[in-house]
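Just below is one structure, and these are the notes that go with it.
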Amino acid sequence: MTNHPRLIVTGRLSDGTSGVLEDRPVPPTTVAAFPGSEFFLLWGTEDGIPTLGATPQPPKTLPFFAGPGGTRLLLARYAPESGTPEPVGDPEALTAEVAERLPGLLEVMEPDGAGMHTTDTFDYGICLAGELYLTLEDEEVLLTPGSCVVQQGTRHAWHNRGTEPALMCFVGIGARREP
């Protein structure tokens, strides 16, 4: 796929003017438990109320999901399911790799392997390329480039039933779940 994410971070320069603090490509994070998927962990903020000022804030990209008030910005590339092999290897080793490289991701996944999960986040998702199905409990929605999703902590899964990789941009905002 030709999309190669690039991160540009702005802030105050030493003279007080605005400028570019960082401009770099972002390599994908991959794990054997999710063959064909790539996660580009771009940026995030600490839990609580983010602050702005003369001192630039460092990125907080892990754990995978932010706690209340924290944010995460990431791209996720999903390979077509029809051409994606099943994970290969020792299940304990696969789990350990995800826990190390993408902590917090497996904890929300339901054990049946169908990808359904629920997070304590508001997620804004934008389909950038390909087609992806958003699966909810009793319905599915086909996302195409330009489709925007507001995910309010509901049970869901993502499925690429197409023939090309799908690329999604997600902004996750940590929330407190009310009963």
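Some values worked out for this structure:
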| read-out | value |
| --- | --- |
| Residues that are β-branched (Val, Ile, Thr) and touching a residue at least 12 places away in the same chain (Cβ under 8 Å), drawn from region 137-177 | Thr144, Val149, Val150, Thr154, Thr163, Val171, Ile173 |
| Residues located in region 107-128, provided they are within 23 Å of Thr71 (Cβ to Cβ) and either charged (D, E, K, R) or in contact (Cβ under 8 Å) with a residue 60 or more places away in the chain (or both) | Glu107, Asp120, Asp123, Leu128 |
| Candidate set from region 1-23 (those that are open to solvent by 80 Å² or more (accessible area, probe 1.4 Å) and not charged (D, E, K, R)); member that is farthest from the chain's Cα centre (by Cα) | Ser14 |
| Hey, Val26 touching a helix residue (DSSP H, G or I) at 6+ places or on another chain (Cβ under 8 Å), surrounded by 15 or more Cβ atoms within 10 Å (Cβ to Cβ) and either within 21 Å of Gly153 (Cα to Cα) or not hydroxyl-bearing (Ser, Thr, Tyr) (or both) or not | no |
| Candidates Pro103, Pro63, Pro87 - the one that is touching a Phe, Trp or Tyr at 6+ places or on another chain (Cβ under 9 Å), open to solvent by less than 70 Å² (accessible area, probe 1.4 Å), part of a loop (DSSP other than H, G, I, E, B) and under 23 Å from Ile173 (Cα atoms) | Pro103 |
| Residue ID - farthest from Thr17 (Cα to Cα), chosen from residues in region 45-77 that are charged (D, E, K, R) and in contact with a Ser or Thr (Cβ under 7 Å, 6 or more places away or on another chain) | Arg77 |
| Among the residues listed as Phe34, Phe40, the single one being touching a Lys or Arg at 6+ places or on another chain (Cβ under 8 Å), of a type in the set (Phe, Trp, Tyr), surrounded by 13 or more Cβ atoms within 10 Å (Cβ to Cβ) and under 25 Å from Gly83 (Cβ atoms) | Phe40 |
| Residue check for Asp138: of a type in the set (D, E, K, R), under 18 Å from Ser37 (Cβ atoms) and modelled with pLDDT of 95 or more | no |
| Candidates Tyr124, Tyr133, filtered to the one that is within 18 Å of the chain's Cα centre (by Cα), open to solvent by 50 Å² or more (accessible area, probe 1.4 Å) and over 24 Å from Gly44 (Cα atoms) | Tyr133 |
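The values are calculated or read from the model by the stated rules, or taken from the named source; none is laboratory data. Note that the structure is a prediction, hence the values are computed from the model and not measured. Here the Cβ is made from the backbone with ideal geometry for all residues, glycine too, and neighbour counts use every protein chain on show. Quick note on the areas: whole protein, heavy atoms, side chains included, nothing else; ligands and nucleic acids left out. Shrake-Rupley method; radii C 1.70, N 1.55, O 1.52, S 1.80 Å.
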